[in-house]
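Participant: First the structure, then my questions, so here it is.
Values quoted throughout were computed directly from the atomic coordinates according to the rules given, and no laboratory measurement underlies them. Being a predicted model, the structure only gives us computed values, none of them experimental. Cβ atoms come from the backbone with ideal geometry, glycine included; neighbour counts cover every protein chain shown.
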Ligand code: SAH
Ligand code: SF4
């Protein structure tokens, strides 16, 4: 069986040629998939019955099965656990933001002032409702960050481009039934997207296609642990996709203790690559900072971070650490987080404190771990 989402338009055209179908069929199928969001051959009523039967025989629209899904108690967050044919598990999360009914107070003066974060992960609700998908690029992760449940489980395998696309289409089809659409896609689920560079970019290209799903490049955000050659490559490709770098510490020793990848790519090297990215693309870069109580959340830590980032067109997304089984660190409380933000901003670096999402269902950043999270 071929995962239909693994095919780009030329490959689909080739397949149909092999099946002796006229060339225009490829576009019909492409539009059925990505414009009408069909998820089974029967829905393609503009195709002949024999072709639909051939599609059923050779193509799958669901390259994984839904093992479980969970909704957070506030219903804003849904986490779905998918099982791949080789039994590997991956997770993808839907986050709903800014629904008027949630908090009418935010629809007053505050919402007018809200700065929307490009990733759609901003702190305040209000303004337009957003549906942000957090998608996995690998089963597990090889980077071993100590505070992250995915890192704690180790690397299983890369996902194919079609397995990445299929997570998006799964939610897009579900939202369509509720007359809703996906507004942002963040590659912040399981895995390191730049470790699976080709497939992640191929997935973005497929979803970005103007004759298909037409999802704007600026509505994607890639988050990376800081793989320097890939940051430079990404800059050279001049993509309009948002880039976020997981920093969490600015001393090499402190960062190595949290993120083994820092042995390979030191902070200054990462920041040089970030400067290169900003120079090449004229795009603002985001730094992710998981606030760990007493570790990296003091005003001094904020000042040190600010001095490292000075001169770089950037923004810091700070999020209180989410709990994971394999890490002892504690989350920073609201007050300390606000102080951190204030110190950073006084030193000239804009900062957003991100809302913790879906903690009660282990759907927060760094909490995705497939089977392991089911047990906890
Ligand atoms: N591998 C990529 C993207 C997936 S992780 C990366 O590391 O950037 C998405 C984000 O969640 C990253 O910024 C990561 O550092 C952060 N994260 C991981 N574990 C976390 C935790 N326990 N609490 C808060 N954020 C965490
Ligand atoms: Fe991998 Fe990102 Fe988790 Fe680090 S934080 S282990 S890079 S998923």
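Participant: For region 220-315, take N as its residue count and report Rg(C-alpha) divided by 2.2 N^0.38 Å. Don't skip to the answer; put the middle values down first.
Facilitator: On the way: Rg = 12.9 Å, N = 96, 2.2 N^0.38 = 12.5 Å.
That works out to 1.04 for region 220-315.
Participant: Residue 345 versus residue 65, label points 7 Å from Cα toward the beta carbon: distance in nm?
Facilitator: Computed distance between label sites residue 345 and residue 65 equals 5.0 nm.
Participant: How do 267, 90, 285 line up, fewest other C-beta atoms within 10 Å first? If you can, show how the numbers build up before the last one.
Facilitator: Working: 267 18, 90 29, 285 22.
So the residues, fewest neighbours to most, are 267, 285, 90.
Participant: Mind ordering 167-175, 341-349 by average Cβ neighbours within 10 Å, highest first? The partial results should precede the final answer.
Facilitator: Working: 167-175: 20.2, 341-349: 16.9.
Ranked from most to least packed, the peptides come out as 167-175, 341-349.
Participant: Taking Cα centroids, how far is region 320-362 from region 23-57 in Å?
Facilitator: 46
Participant: Next question. Roughly speaking, what is the stretch gain from residue 276 to residue 307, that is 0.36 nm per residue apart minus the C-alpha to C-alpha distance, in nm to one decimal?
Facilitator: Working: separation 31, 0.36 × 31 = 11.16 nm, distance 1.82 nm.
Contour length minus Cα-Cα distance gives 9.3 nm.
Participant: In nm, to one decimal, how far is the residue 293 label point from the residue 87 one, both placed 7 Å along Cα→Cβ?
Facilitator: 3.9
Participant: Grab the DSSP H runs of the chain that are 4 residues or longer, score each as -39,500 (n - 2.57), total them, divide by all residues and round the 222 nm result to the nearest 500 deg cm²/dmol. Intermediate values should be presented prior to the final figure.
Facilitator: Values: 13 runs with 130 residues, N = 376.
After summing the helix terms and dividing by the residues of the chain, the value is -10000 deg cm²/dmol.
Participant: Does the chain come out rounded, prolate or oblate, given a ≥ b ≥ c as the square roots of the eigenvalues of its C-alpha gyration tensor, rounded meaning a/c under 1.5 and, failing that, prolate meaning a/b above b/c?
Facilitator: On the way: a/c = 1.78, a/b = 1.66, b/c = 1.07.
Since a/c reaches 1.5 and a/b is larger than b/c, the shape of the chain is classed as prolate.
Participant: What shape does region 2-60 take by its C-alpha gyration tensor, where a ≥ b ≥ c are the square roots of the eigenvalues and a/c under 1.5 counts as rounded, a/b above b/c as prolate, and the rest as oblate?
Facilitator: Values: a/c = 1.23, a/b = 1.08, b/c = 1.14.
Verdict is rounded for region 2-60.
Participant: Treat the count of other C-beta atoms within 10 Å as a stand-in for reagent exposure and order 209, 236, 328 from fewest to most.
Facilitator: Working: 209 15, 236 12, 328 9.
So the residues, fewest neighbours to most, are 328, 236, 209.
Participant: I would also like to ask the following. What percent antiparallel are the DSSP beta bridges of region 65-375, to the nearest 5? Walk me through the numbers on the way to the answer.
Facilitator: Working: 22 of 45 bridges.
For region 65-375, the DSSP antiparallel bridge percentage is about 50.
Participant: Here's a follow-up. What is the gain in length, in nm to one decimal, between residue 9 and residue 240 on full extension, counting 0.36 nm per residue of separation less the C-alpha to C-alpha distance? Numbers along the way, then the final one.
Facilitator: Working: separation 231, 0.36 × 231 = 83.16 nm, distance 2.15 nm.
Once the chain is fully extended between residue 9 and residue 240, it gains 81.0 nm.
Participant: Hey, another quick one. If I model a spin label as a point 7 Å beyond the Cα along the Cα-Cβ vector, how far apart are those points for residue 43 and residue 211 in nm?
Facilitator: My value for the distance between the label points is 2.0 nm.
Participant: Further, regarding this structure: I'd like the distance separating the alpha-carbon centroids of region 185-220 and region 271-302, in whole Å.
Facilitator: Cα centroid of region 185-220 versus Cα centroid of region 271-302: 22 Å apart.
Participant: Of the listed peptides 149-160, 133-144, what is their order by residue-averaged count of other C-beta atoms within 10 Å, with the highest listed first?
Facilitator: On the way: 149-160: 21.2, 133-144: 24.4.
Taking the mean over residues of other Cβ atoms within 10 Å, the ranking is 133-144, 149-160.
Participant: Please work out the FRET efficiency for the pair residue 58 and residue 31, using the Cβ-Cβ distance as r and a Förster radius of 25 Å; give the result to the nearest 0.05.
Facilitator: Working: r = 20 Å, r/R0 = 0.78.
After rounding, the FRET efficiency stands at 0.80.
Participant: Neighbouring Cβ atoms within 10 Å as the yardstick, rank 292, 2 fewest first. Before the final figure, lay out each step's value.
Facilitator: Details: 292 21, 2 15.
Fewest to most other Cβ atoms nearby, the residues stand as 2, 292.
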